[in-house]
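Notes to accompany the following structure.
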Amino acid sequence: MDLRDPKNQILLVIIAGFLILIYIWHAKFYTTYAAELSEKKAQHEKLQSDLFSVKQKAKSLDALKEDYNNSLAKYEKVKLWLPEVREDEAFLAQLHIAAQLTNSTVISVTPQAPVVMEFYDANSYIVELEAKYHNLGNFFAKVVNFPFIVNISNIQLKAKEEEKSMIPGSVERRRDLTVLATFKLTTYNSHQNIPQGGQAK
């Protein structure tokens with residue numbers, strides 16, 4: 001290439017100017033934008049990571065809420081069976097209703113001192129009942145279906161004095177016997193307040 005040729009000189013000037021423009025653009029614009037682009041890309045990746053974590057936590061939270069609601073529903077059902085306080089009135093009302101429905105007669109109900117356990121109290125009652133032999137089983141069936149937990153124990157049966165002579169008779173006659181039943185019914189209630197020490201008040 002002949003550098004003395006004015007055309008070549010002009011061409012070299014144009015090339016040199018173009019290279020200078022490229023250098024200025026790279027130094028002032030591209031480098032700055034590249035750094036900013038890299039920073040934005042890092043921010044975008046971090047936001048995506050945070051969003052994924054939030055979504056995972058949201059799924060866990062929904063699962064926890066569902067577990068809580070299920071546990072609460074179960075607790076409310078159990079709460080009906082295990083009241084927070086001793087309910088003598090409700091017990092006696094249910095007892096007399098069961099007696100009426102089975103043509104039985106409650107002779108006496110003797111409350112016993114509650115037995116205090118760690119998380120609940122056991123409340124016992126000694127009951128004397130007069131009923132036909134076949135009605136006694138129906139009475140017990142009513143008792144176990146009370147809307148709270150009731151245990152039956154220590155059952156003792158004896159025939160009424162005036163009907164003892166019927167005992168050797170047929171099965172049908174024995175079913176017509178009037179028996180005097182003595183047994184223990186036990187209900188339960190949870191403690192209302194359990195302090196940190198674990199002892200109920």
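The values are calculated or read from the model by the stated rules, or taken from the named source; none is laboratory data. As the structure is a prediction and not an experimental result, all values here were calculated from the model. Positions of Cβ are backbone-derived with ideal geometry, glycine not excepted, and every protein chain shown enters the neighbour counts.
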Among the residues of the stretch 148-157, is there at least one that is more than 25 Å from MET117 (Cα to Cα) and either touching a Pro at 6+ places or on another chain (Cβ under 9 Å) or at pLDDT 85 or above (or both)? yes
List every residue pair whose Cβ atoms sit under 7 Å apart, with the two residues 6 or more apart in sequence or on different chains, where the first one lies in the stretch 145-157 and is part of a strand (DSSP E or B) and the second, anywhere, is basic (Lys, Arg). SER153/LYS184; ASN154/LYS184
Some residue of the stretch 67-77 being under 30 Å from ALA181 (Cα atoms), modelled with pLDDT under 80 and not aliphatic (A, V, I, L, M): no
The stretch 91-111 - residue that is in contact with a Ser or Thr (Cβ under 9 Å, 6 or more places away or on another chain) and under 15 Å from ASN189 (Cβ atoms) and, of those, surrounded by the most Cβ atoms within 10 Å (Cβ to Cβ): PHE91
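Run down VAL116, VAL106 and say which single residue is under 26 Å from the mean Cα position of the chain (by Cα), closer than 22 Å to ASN154 by Cα and assigned by TED's automatic domain parsing to the domain that holds ASP176. Quick ask: steps written out before the conclusion?
Numbers: VAL106 fails: under 26 Å from the mean Cα position of the chain (by Cα).
Only one candidate passes the filter, namely VAL116.
Can ALA122 be described as part of a helix (DSSP H, G or I) and modelled with pLDDT of 75 or more? If you could, list the steps in order and put the result at the bottom.
Details: part of a helix (DSSP H, G or I): no; modelled with pLDDT of 75 or more: yes.
Considered against the rule, which asks whether it is part of a helix (DSSP H, G or I) and modelled with pLDDT of 75 or more, ALA122 comes out as no.
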